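S.K.: Before we start, here is the structure in question, set down as structure tokens.
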Amino acid sequence: MFDLEKTKKEMESVAIVDNIRLTDDDKLVIIDQVKLPNIMEHKTISDLEDAYQAIKKLEIRGAPAIGIFAGYAMYVLSLKDEDKDFETFYQNFKHNKEYLNSSRPTAVNLSWALNRMDKLVLDNEDKDVKEIIDLLKKEAIAIHNEDIEMCCRICEYGLSLLKDGDGVLTHCNAGPLATSYGTAQGPFLLAKARGMNIRVFADETRPLLQGARLTSFELEKAGVDVTLICDNMASIVMKNGWIQACFVGCDRIAANGDFANKIGTSGVAILANHYGIPVYTLGPSSTIDMNCPDGDHIKIELRDPEEIKNMWYEKPMALKETKCYNPAFDVTDHELLTGIVTEKGIIYPPFDVNLKKVFEE
Ligand code: MRU
């Protein structure tokens, strides 16, 4: 249906697509996203602690990117055990897997990728450890390539919902930095590559400013018409009639269509419903967790109060003793959602019925 090679080339002409890379000599290299937008620096991940901290500190972030990174990390870490017997190899593999899995709880893509690597090892336990490690490399590359293909399809389906001149509000960062080629912000890049004009309003996304530091950076660099707003300005731009749709990412979609995404997403969806603006979440089908019945079963990551009080300021912006509540994600009720855009197409309500169908096909 789509000419994916063409889509891929178009995306590569406008997007930064080397946020995770396995070098020819098997080094895992990422763009350190904490330093963006002021410093573009690559970082090599050398051991388990590096990999764990990279996820925890958001040097690598965004649900699909964390999954891709975890696949490569499991491969690179397993190279240290290539001379071990299977028992010892697998014991260390399990330890690495469990430690990485404990780094962040909300995005399902992390455990999805780790379980996929684990299954590969168990399916091949009769083979030589070196052979298993070769297979792990192939699997990690496959996870990455599949994500590229999924992103290209998501960008095509997402763009089919927009027309020239539309204004779209987006939250957090779900562009190529958060994935391979982009989900929620991918269609804006594809539109640019095709000479279409989409006006993007990017929420700054407090407290970690992924919208300001990453989304406006990625879109500005690509020449997309992007306007940065504070999170509390979403209502006024909607009221002004500047927004025709909201495109947001997702970290876990439950079987009934409730979905977790960056804190503030549910507020955007509530406002959009008030103004009659459609809300779409865009993500690969690996983000759908059919074992999770609804949003109440999604574990929400709580982060350090310092991110609110100190992180971006020269002086603290609240007293040390002031309590903070800092959830990294919230859950948007499926009733506020117009559609879920995946690589398999656009899923509309009733989500409990239609999500099931996607996995039956
Ligand atoms: O805490 P982050 O920066 O990893 O949160 C990222 C988001 O919430 C994204 O919107 C989501 O992971 C989708 S990324 C394609």
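No value in this document is a laboratory result; all are computed from the given coordinates. What you see is a predicted model; the values in this text were computed from it and never measured. Cβ placement follows ideal geometry from the backbone for every residue including glycine, while neighbour counts extend to all protein chains displayed.
S.K.: For segment 42-151, which GluC sites (Glu not before Pro) are in a loop by DSSP, counting at most 12 other Cβ atoms within 10 Å? Show your work: numbers first, answer last.
M.R.: Values: sites: 49, 59, 82, 87, 98, 125, 131, 139, 146, 149; in loops: 59, 82, 125.
Those satisfying the criteria are 125.
S.K.: Taking the chain as a Gaussian network, where each spring joins two C-alpha atoms under 10 Å apart, which residue of 68, 133, 20 fluctuates the most?
M.R.: Checking each option, the largest mean-square fluctuation is seen for 133.
S.K.: While we're here: Report the charge-dipole magnitude of segment 162-358 in Debye, nearest 20, computed about the Cα centre from +1 at each Lys and Arg Cβ and -1 at each Asp and Glu Cβ. Show your work: numbers first, answer last.
M.R.: On the way: 19 positive and 24 negative charges, 74 e Å.
Computed about the Cα centre, the dipole is about 360 debye.
S.K.: In percent, how large is the relative contact order of segment 169-242, given Cα pairs closer than 8 Å and 6 or more residues apart? Kindly include the intermediate steps, with their values, before the conclusion.
M.R.: Values: 113 pairs, mean separation 23.2, N = 74.
Worked out over segment 169-242, it gives 31 percent.
S.K.: Show that you can apply the helix-only estimate: for the chain, add -39,500 (n - 2.57) for every DSSP H stretch of four or more residues, divide by all residues, and state [θ] at 222 nm to the nearest 500. Don't skip to the end; give the middle numbers.
M.R.: On the way: 12 runs with 144 residues, N = 361.
So the calculated ellipticity at 222 nm is -12500 deg cm²/dmol.
S.K.: Positive end of the charge dipole of the chain (Lys, Arg +1 and Asp, Glu -1 on Cβ, about the Cα centre): tell me which of 278, 230, 65 has its Cα farthest that way.
M.R.: 230
S.K.: Once amide H atoms are placed 1.01 Å from N in the peptide plane, what residues at a sequence separation of 5 or more from residue 345, or on another chain, have their amide H within under 5 Å of its amide H?
M.R.: none
S.K.: I've got another one for you. Anyone know which of 197, 291, 232 comes out most mobile in the 10 Å Cα GNM of the chain?
M.R.: 291
S.K.: Further question on the same structure: In the chain, which longest range has no trypsin sites (Lys or Arg not before Pro) that are both DSSP loop (not H, G, I, E or B) and surrounded by at most 14 other Cβ atoms within 10 Å? Please list the in-between numbers first.
M.R.: Details: sites that count: 27, 57, 127, 163, 194, 299, 320, 323.
Between the exposed loop sites, the longest stretch runs 195-298.
S.K.: In degrees, nearest 10, range 0 to 90: what is the angle between the Cα axis of helix 63-78 and the longest Cα principal axis of the chain?
M.R.: That helix lies at roughly 10 degrees to the long axis.
S.K.: Please give the residues of segment 140-174, grouped as numeric ranges, whose backbone N is less than 16 Å from a label point set 7 Å along the Cα-to-Cβ vector of residue 3.
M.R.: Correct set: 153, 156.
S.K.: Still on this structure: Rounding to the nearest 20 debye, state how big the charge dipole of segment 1-144 is about its Cα centre with +1 on each Lys and Arg Cβ and -1 on each Asp and Glu Cβ.
M.R.: Numbers: 21 positive and 28 negative charges, 147 e Å.
Approximately 700 debye in magnitude.
S.K.: To continue, here is another question. Which residue, chosen from 78, 44, 19, occupies the Cα position most advanced towards the positive end of the dipole of segment 4-152, where the dipole is computed from +1 (Lys, Arg) and -1 (Asp, Glu) charges on Cβ about the Cα centre?
M.R.: Going by the charge dipole, the pick is 19.
S.K.: Any chance you could run the full-extension gain for residue 348 through residue 84? It's 0.36 nm times the residue separation minus the Cα-Cα distance, nm to one decimal.
M.R.: On the way: separation 264, 0.36 × 264 = 95.04 nm, distance 4.99 nm.
Stretched out fully, the residue 348 to residue 84 stretch lengthens by 90.1 nm.
S.K.: How big is the antiparallel share of DSSP beta bridges in the chain, given as a percent to the nearest 5? Spell out each step's value before the answer.
M.R.: Numbers: 17 of 37 bridges.
Counting DSSP beta bridges with both partners in the chain, the antiparallel share is about 45 percent.
S.K.: So how far, in whole Å, is the C-alpha centre of segment 84-119 from the one of segment 160-186?
M.R.: Each part's Cα centre sits 31 Å from the other's.
S.K.: With +1 on each Lys and Arg Cβ and -1 on each Asp and Glu Cβ, and nothing else charged, work out how big the dipole of the chain is about its Cα centre, in Debye to the nearest 20.
M.R.: On the way: 41 positive and 58 negative charges, 234 e Å.
Here the size comes out at about 1120 debye.
S.K.: Restricting to bridges with both residues inside segment 162-358, how much of the DSSP beta-bridge set is antiparallel, in percent to the nearest 5?
M.R.: Details: 10 of 30 bridges.
Percent antiparallel among DSSP bridges in segment 162-358 is about 35.
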